[in-house]
Amino acid sequence: MLTGGAAGVVSGVHAEVRHAGGEWRVADLASRNGTFVNGRRIGTPTVLRSGDMISLGETGPRLLVGAVAEGLTPTLPERPGVPELGAHSTPHEARAYGVMLLDAASGRHYEARGVRIRIGRGHECEVHPVGAPESIVSRVHAELTVGPSGGLSLRDAGSKNGTFLNDERVTVPVPVRLGDRITLGRGGPVLIVEGLGTAPEMPAARRPGGPGERTVRSLIARGLAGARGDSRRKLGWLLALGLVLVVLLAGAVSGVYWLLSIQVEQTEQARRTGEDSAHAETERLRRELDIARVAAAPAARVESLRGQVQGLIFQGGLTLYVCNRAPHRENKTKKCGGEDIPNRGRLS
């Protein structure tokens, strides 16, 4: 059963995987949105190979075929007629399992065997992912244990960031199947179950010679897609940063221009004020000069008249008496031109 936002395109009974004729085949069960294998819609049962990608609808969940076990023999609990517990039988909890996990990021394989397989950073763990971040992966993060039914189950070992199986958080022991993805914390290592089987009844189902070509291609494609996504995000951040810098630079230029404009305006105003003050002072001095000229006009006229009178005195015939109050003028009769006239007029 699939859950989540992408499960909206999945029908109630969408597809099935069956083992027949020594091969695993996937068939569409008349679903509304169809079933796709490696991007092609299937109409008939299609043989599955390691690395195939099954899509439930074009935009629905995608399932990666991590490994294909050929010729599986049934495990002990599935064998008819074999008692589960008896005098000569082994308890399910004591039956060991062999598993092989593929690190999706590095492509490294981890193999372990036992009734309790611990996964974490601690050296006591049977599966110790190389380079697991300490901030995400706990010392003993998760465990693969054999349950009462005889199947292998995954449970969280009290980790800080949780354990996820196929993107669903594990809160109770959950059965594990081939191709399942075990995630140790959000953003932590992803381990794909590539091999699974009971021991010593059967070896773990695994692909010979390491990961198949399609699995490698799928991992490379995922890595490239992630790198492209990171590049786009970084490019977006750089563009946003550049835009912010441009806006800040434009604001700074506008601020400098505004300050310079204010300074130029103040300087121009000061110059105009100085010119107005000089003009006013000039006008004031000019008015005072005009007033002084008007006030000095009678004195100049008196001097002019004085000069004229003095000329007349020396020519004779007119005597002018000048006193403090007013001048008196009288006529004198000269009989002899050579005699001195006693009271010759003087200008004082």
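The values are calculated or read from the model by the stated rules, or taken from the named source; none is laboratory data. Everything quoted here is computed from the prediction, not taken from an experiment. With ideal geometry, Cβ positions are generated from the backbone for all residues, glycine too; neighbour counts draw on all protein chains shown. Side chains are part of the model used for accessible areas, which takes the heavy atoms of the whole protein and leaves out ligands, DNA and RNA. Shrake-Rupley method; radii C 1.70, N 1.55, O 1.52, S 1.80 Å.
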So, first residue in contact (Cβ under 8 Å) with a residue 40 or more places away in the chain in the range 154-177, second residue crowded, with 19+ Cβ neighbours inside 10 Å and in a loop (DSSP other than H, G, I, E, B), Cβ within less than 6 Å, six or more apart or across chains; the pairs are none
Taking the conditions exactly as written (open to solvent by 20 Å² or more (accessible area, probe 1.4 Å), modelled with pLDDT under 70 and of a type outside the set (Ser, Thr, Tyr)), does GLY22 satisfy them or not? no
Could you count how many residues in the range 16-26 are free of Cβ contacts under 8 Å to residues at least 24 places away in the same chain and under 45 Å from the mean Cα position of the chain (by Cα)? 1
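Is it true that VAL140 is touching a Leu at 6+ places or on another chain (Cβ under 8 Å) and either charged (D, E, K, R) or closer than 17 Å to LEU101 by Cβ (or both)? First the steps, then the outcome.
Details: touching a Leu at 6+ places or on another chain (Cβ under 8 Å): no; either charged (D, E, K, R) or closer than 17 Å to LEU101 by Cβ (or both): yes.
No; evaluated as a whole, the condition is false for this residue.
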Hits in the range 126-136 - residues which are over 28 Å from the mean Cα position of the chain (by Cα) and closer than 11 Å to LEU184 by Cβ: VAL127, PRO129
Restricting the range 95-112 to residues that are open to solvent by 40 Å² or more (accessible area, probe 1.4 Å) and assigned to a loop (DSSP other than H, G, I, E, B), the one nearest to VAL193 (Cα to Cα) turns out to be ARG108
Boolean, VAL13 is more than 40 Å from the chain's Cα centre (by Cα) and either buried (at least 17 other Cβ atoms within 10 Å of the Cβ) or modelled with pLDDT of 90 or more (or both): no
Any idea which residue in the range 28-53 is farthest from VAL176 (Cα to Cα), counting only those that are of a type in the set (A, V, I, L, M, F, W, C) and surrounded by 15 or more Cβ atoms within 10 Å (Cβ to Cβ)? ILE42
Could you please let me know if GLY150 is over 28 Å from ARG49 (Cα atoms) and modelled with pLDDT under 90? no
When you look at THR282, is it at pLDDT below 85 and either over 53 Å from the mean Cα position of the chain (by Cα) or in a helix (DSSP H, G or I) (or both), yes or no? yes
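Just a yes or no: is a residue in the range 199-222 β-branched (Val, Ile, Thr) and at pLDDT 80 or above?
We begin by selecting, within the range 199-222, every residue β-branched (Val, Ile, Thr); these are 215-216, 220.
Then keep just the ones that are at pLDDT 80 or above; that gives none.
No, the range 199-222 contains no residue that is β-branched (Val, Ile, Thr) and at pLDDT 80 or above.
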